[in-house]
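Below: one structure, written as structure tokens.
The values are calculated or read from the model by the stated rules, or taken from the named source; none is laboratory data. Small disclaimer: the values here were computed from a predicted structure and weren't measured. Here the Cβ positions follow ideal geometry from the backbone for every residue, glycine too, while neighbour counts run over all protein chains shown. Quick note on the areas: whole protein, heavy atoms, side chains included, nothing else; ligands and nucleic acids left out. Shrake-Rupley method; radii C 1.70, N 1.55, O 1.52, S 1.80 Å.
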Amino acid sequence: MTSPTDARPRRTFAVISHPDAGKSTLTEALALHARTISEAGAVHGKAGRRGTVSDWMEMERARGISITSAALQFEYDGHVVNLVDTPGHADFSEDTYRVLSAVDSAVMLVDAAKGLEPQTLKLFRVCAQRGIPVITVINKWDRPGLDPLQLMDEIQKEIGLRPTPLTWPVGSAGEFRGVLDRRTGDLIQYTRTAGGATRAPEQRVASSRAPELGGEAWATAVEEHELLSMDGADHDQGTFLAGSTTPVLFASALLNFGVAQLLHVLVELAPSPGPTPTVDGGLRAVADDFSAFVFKVQSGMDAAHRDRLAYARVCSGVFERGMVVQHGETGKPFATKYAQAVFGRDRSSVEQAFPGDIVGLVNANALRVGDTIYAGAAVRFPPIASFAPEHFVSARAADTGRYKQFRRGIEQMDQEGVVQVLRSDLRGDQSPVLAAVGPMQFEVVTARMESEFGAAIRLEHLDYSVARRTDEAGVEALKGVRGVEVLSRADGTHLALFPDTWRAHTVTRDHPTVLLEPLPASGG
Ligand SMILES: Nc1nc2c(ncn2[C@@H]2O[C@H](COP(=O)(O)OP(=O)(O)OP(=O)(O)O)[C@@H](O)[C@H]2O)c(=O)[nH]1
Ligand SMILES: [Mg+2]
């Protein structure tokens, strides 16, 4: 192994929340503040933003939502920061959950006016389950919103996670003047700047001068801050890393306020990459030989480069472009000649990557979500669970003359996990069944099949809503049973589909020896 040239500390985190809380806005603001090293797939979101490239991302722009996650790397204060902006919409939650398997911490956004929304709650719980430390950002403080103490109460009651605010707002939501830095007692004043998105609108004022600038709002903030301290709601690094408390910041991503504070907190408090659990119950230490796992596969990001990227998170060792690694699943060697830190338009190649970094492997056709690659001592990381689909359609090529393109496209959608693709001898290859957590996934498939593969598709709704995992014996035993259809995924998983839970229940009761195992639910 050659000696590392860039072993600066890493911070790898995901930005997560209910739709519209401001993840993409915050991501852009963070990148503007820091020095962007590279950008994956361009941060995307609302209309009028920096352009994204490929056609299917039009859907993101037109609707103002993020559909797929985008990775970004930047440098701040001697640290290399790897950030993944995730989609908030529940229909794309599987993408978000895959990302959560690849990060060391999460920044959870809460809309100041809306409080804890359903998807936020779900994500908080996932983080708790997986022991991912969470930094909470109460966003949109420039707009009228809830009382901050009430928000803290909600987090504590609904999630059982103890909020430990690092800053406290001066002035209520919509009339805010800045925040009280609870660790120094200073006022960080919000200074309205004329439009300049790149200028930091923050000014630090010593606590001795704060009363004259902050007035009554400052007095209230001090009072509430003391209340919090008496209640023990002060930051504790141990409980934060253990996932039982969450540091809280108040911000306005749109006005760029609180963004520098967040960067500072990430560098200061968020965890560095640690050892990664392996499939056999061991740990791969960061200093071990190179290893990484694939958490996302994506193509069609750039119309000019028809390629397929596997996003891998480096778990241990040093990745050097051109090194030959082992593919854990097939045992075959895999050359990493084309590795990129930039998955967007710039296409600069990455020469080296360290634990915590995210590498884009180009045209790595053998790699699937959950796969391990390594050098030196063999290792396998646990697979990433796929969710129980709840929506089903059958798909066929609108133009039978385009069947070849249709097949290629469906294969690609399957590999990326845009939807799950199910087949059976009975249905044949002409009309596979597409299974999804949410119906918007079908819209993405339809748009991408047409724009990337020139294969318009026809979808037909299927009256199923429940899937259970079965085995070879189950496939045989359930043949001809009414109200159930058994289909198979390319990875060999057999799924029994039922119209509803009632039917799943009666079939299970009538066939007690047949394996009918529930799949991990998206929790929705
Ligand atoms: N007033 C105000 N508006 C904001 C703020 N942050 C974001 N917004 C607006 O909220 C809307 C949603 O912002 P996004 O950043 O796209 O939200 P998102 O969380 O990425 O949404 P999804 O990716 O669809 O889940 C946009 O219209 C933003 O301009 C803020 O701090 N204040
Ligand atoms: Mg977004």
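Please report the net charge: other residues with Cβ closer than 15 Å to the Cβ of L497, K and R +1, D and E -1.
Around L497, the surrounding residues sum to +2.
For the chain, the solvent-accessible area of protein heavy atoms averages 41 Å² per residue (probe radius 1.4 Å; ligands and nucleic acids excluded). Extending 7 Å from the Cα toward the beta-carbon at both A113 and R407 defines two label points whose distance is 5.2 nm.
Electrostatic tally near G376: other residues with Cβ closer than 12 Å to its Cβ, Lys and Arg +1, Asp and Glu -1, net -1. Between E390 and A436, V437, the built amide H atoms are under 5 Å apart, and every one of these is 5 or more places off in sequence or on another chain. Would segment 200-335 count as rounded, prolate or oblate if I go by the C-alpha gyration tensor, calling it rounded below 1.5 in a/c and otherwise prolate when a/b exceeds b/c, oblate otherwise? It is prolate, given that a/c is not under 1.5 and a/b is the larger ratio. Close amide H pairs (under 5 Å, H built 1.01 Å from N) link H18 with T120, residues at least 5 positions away or on another chain. The share of accessible area on the chain that comes from carbon and sulfur is 51 percent, using a 1.4 angstrom probe.
Rounded to the nearest 10 degrees, the inclination of helix 403-416 to the longest alpha-carbon principal axis of the chain is 40 degrees. H505 exposes around 120 Å² of accessible area when a 1.4 Å probe is run over every protein chain in place. Mean separation of Cα pairs under 8 Å and 6 or more residues apart, divided by the residue count, gives the chain a relative contact order of 13 percent.
Projecting label points 7 angstrom from Cα along Cα→Cβ for E476 and L515 puts them 1.4 nm apart. Annotation: aspartates and glutamates with alpha-carbon distance below 19 angstrom to K337 (same-chain offsets under eight excluded): D289, D307, E320, D346, E351, D357, D371. Pairs over the 28 Å Cα-Cα cut-off, from the set K122/K296; K114/K157; K23/K332; K296/K479: K23/K332; K296/K479. Plainly put, the chain has a radius of gyration that is 0.99 times its Kirkwood radius, both from alpha-carbon atoms, as the Rg/Rh ratio.
Which peptide among 355-362, 224-231 comes first, and what is the full order, when sorted by highest mean count of other Cβ atoms within 10 Å?
Numbers: 355-362: 24.4, 224-231: 13.8.
Top to bottom by mean Cβ count within 10 Å: 355-362, 224-231.
The accessible-area ordering, largest first, of the residues Y190, Y76 stands as Y76, Y190, per a 1.4 angstrom probe.
Once all protein chains are placed together, T508 keeps about 50 Å² accessible to a 1.4 angstrom probe. Taking 0.36 nm per residue of separation and subtracting the Cα-Cα distance, full extension of the segment from R130 to S207 would add 23.8 nm.
With 0.36 nm allotted per residue and the present C-alpha distance subtracted, the A398-E329 stretch has 21.3 nm of extension available.
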